[in-house]
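Peer 1: Encoded as structure tokens, here's the structure I'll be asking about.
The values are calculated or read from the model by the stated rules, or taken from the named source; none is laboratory data. Computed from a prediction, not measured in an experiment: that's the story for all the values here. Here the Cβ positions follow ideal geometry from the backbone for every residue, glycine too, while neighbour counts run over all protein chains shown. We work out accessible area using only protein heavy atoms, side chains counted, and drop any ligands, DNA or RNA first. Shrake-Rupley method; radii C 1.70, N 1.55, O 1.52, S 1.80 Å.
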Amino acid sequence: MKLFPDNFLWGGAVAANQCEGAWEADGKKESICDHLTAGSRAKNRVFTSKILPDESYPSHVAVDFYHRYKEDIALFAEMGFKVFRLSIAWSRIFPNGDDEIPNEEGLKFYDRVFDECLKYGIEPMVTLSHFEIPYHLVKEYQGFSDRKVIDCFERYVRCVMTRYKDKVKYWLTFNEINFATMPMGNLEVLGIMNRENDEVANPLDDINLRFQALHHVFLASARAVIAAKEINPDFKVGCMIAHITMYPLTCRPEDMLLLQELDHIINDFCADVQVKGRYPGYALRYLEEKGVNLTFEPGDEAVLRKGCVDFYSFSYYMSNCVTTEEGHTTTLGNLLGGVKNPYLEATQWGWQVDPKGLLYTLNKIHDRYQVPIFIVENGLGAVDVRDENGCIHDDYRINYLRQHICEMEKAIHNKVDLFGYTVWSALDIVSSGTGEMKKRYGFIYVDKDDEGNGTMERFKKKSFYWYKKVIESNGGDL
Ligand code: BG6
């Protein structure tokens, strides 16, 4: 049976701070992620307010996509990518974030990247903010906690949308915006840092500030959608949610209610605002209970209503269990850990692999929103080893992807309007959570280790050839 529509968008994804490197090239200035040190599964990454000489900062060199984009895009084209999801580093375009004039060299870089994609018929999909707030905005304004930063974001968005209006059609506003419903989202999404300590500035959570900043991010996202429609009515703009799929560990009603509460706040709240254009009742109740006193200015509600996104995009890697009972084994995960599910295996980084959870999630999103859906991240982080012939036999990655694609097929069979899939990641890049190179997701191996050794040469993994076949057969040959 032929299930994937003919124009289904198969591809891969990356983020600027995880692949580009060249962190100070051609007028770019620091962004927030340029201040994040390398970590590991056992050691958290640390945000330092100054660049310390003895620390290593993985984004500074990353995998040098800035200079190697031609070679990389040629490899994506060889796999048959229809779409390539990447992000623009805001601080390449407006180095301080609040500059009046954009940096022409930064704009030219993305011109070259998009032209290269289009040369091969690859549609670029652009994330406007993938944890990439200019550091100056963090330092001077406490990021989005200051309403003025909405104007800075809108200026940046209008600039890039106007410049690339004939090159890019698909835009995402804020990567994994729902990170901000949890304390760890302070830095990456909102750009709020703790000013108490000069050296290491991981945030202290001020819940009022965090949700006020999130409100400003909702407005910034809505204003980006409004701008998009003015600049090119054919633009399609999506939200980007890290969907943390959860199950109740037991059938005790208390577990079910806990699940519903967490699902609402972590998964549904941001998308409800961005897709439906208003704060849902349960979120208002939650904020009130937490003592959060949001400042809404006149006109805010109208902006949220007008700036609804066209489609729902999300990342999906794993699922977790939740329970009110104490004493259960816990597990790690994307953004958030949870209780271990006895029926699921986990990756080397402790993320539970759950392809059926993807079907459940797609059905849920479709039922709730009734808008087109795009899976913009899904993939397996693993240690890959090159054998004596230089080959990488990543059958574990092929199995992971195959199982998830099978569930996507079932969702399409259910009439879920799924129109694309970008695997995380198109090539090996720096891990966002740990800053490691050895947590690899790509179809293309990059010769670089955690200490920065290696030639940066690119090698095709076994999954490269497999994915090429999947795309060629439009999902028919898995
Ligand atoms: C998502 C992010 O959370 O997960 C990516 O959008 C990230 O930037 C990906 O790389 C995988 O997470 P990690 O921590 O394994 O790199």
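Peer 1: Return yes when K468 is within 16 Å of the ligand (Cβ to nearest atom), touching an Asp or Glu at 6+ places or on another chain (Cβ under 8 Å) and open to solvent by 40 Å² or more (accessible area, probe 1.4 Å) and no when it is not.
Peer 2: So K468 fails the test.
Peer 1: Please go through (1) within 16 Å of the ligand (Cβ to nearest atom); (2) crowded, with 23+ Cβ neighbours inside 10 Å; (3) among the small types (G, A, S) for G433 and return the number of the only condition it doesn't satisfy.
Peer 2: Every listed condition holds for G433 apart from (2).
Peer 1: To continue, here is another question. Checking the condition on the phi < 0 side of the Ramachandran plot and assigned to a strand (DSSP E or B), which residue from G12, G39 passes?
Peer 2: G12
Peer 1: From N194, N202, N208, N186, which residue is surrounded by 21 or more Cβ atoms within 10 Å (Cβ to Cβ) and either modelled with pLDDT under 95 or within 16 Å of the ligand (Cβ to nearest atom) (or both)?
Peer 2: Result: N186 is the single residue among N194, N202, N208, N186 that is surrounded by 21 or more Cβ atoms within 10 Å (Cβ to Cβ) and either modelled with pLDDT under 95 or within 16 Å of the ligand (Cβ to nearest atom) (or both).
Peer 1: Here's a follow-up. Restrict the check to the stretch 222-236 and report whether at least one residue is within 16 Å of the ligand (Cβ to nearest atom) and in contact (Cβ under 8 Å) with a residue 40 or more places away in the chain.
Peer 2: no
Yes or no, residue by residue, for (1) open to solvent by 20 Å² or more (accessible area, probe 1.4 Å); (2) under 17 Å from the mean Cα position of the chain (by Cα); (3) among the aromatic types (F, W, Y):
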{"residue": "T181", "(1), (2), (3)": "no, yes, no"}
{"residue": "L190", "(1), (2), (3)": "no, yes, no"}
{"residue": "S221", "(1), (2), (3)": "no, yes, no"}
{"residue": "L249", "(1), (2), (3)": "yes, no, no"}
{"residue": "I265", "(1), (2), (3)": "no, no, no"}
{"residue": "Y279", "(1), (2), (3)": "yes, no, yes"}
{"residue": "L287", "(1), (2), (3)": "no, no, no"}
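Peer 1: If only one of N320, N293 is open to solvent by 50 Å² or more (accessible area, probe 1.4 Å), among the polar types (S, T, N, Q) and either within 16 Å of the ligand (Cβ to nearest atom) or farther than 27 Å from L358 by Cα (or both), which one is it?
Peer 2: N293
Peer 1: Consider V423 carefully, then state whether it is open to solvent by less than 40 Å² (accessible area, probe 1.4 Å), within 16 Å of the ligand (Cβ to nearest atom) and in contact (Cβ under 8 Å) with a residue 24 or more places away in the chain.
Peer 2: It is true that V423 is open to solvent by less than 40 Å² (accessible area, probe 1.4 Å), within 16 Å of the ligand (Cβ to nearest atom) and in contact (Cβ under 8 Å) with a residue 24 or more places away in the chain.
For (1) touching a helix residue (DSSP H, G or I) at 6+ places or on another chain (Cβ under 9 Å); (2) among the charged types (D, E, K, R); (3) more than 20 Å from S432 (Cα to Cα); (4) in a loop (DSSP other than H, G, I, E, B), each residue gets a yes or a no:
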| site | (1), (2), (3), (4) |
| --- | --- |
| M125 | no, no, no, no |
| L128 | yes, no, no, no |
| E154 | yes, yes, yes, no |
| D166 | no, yes, yes, yes |
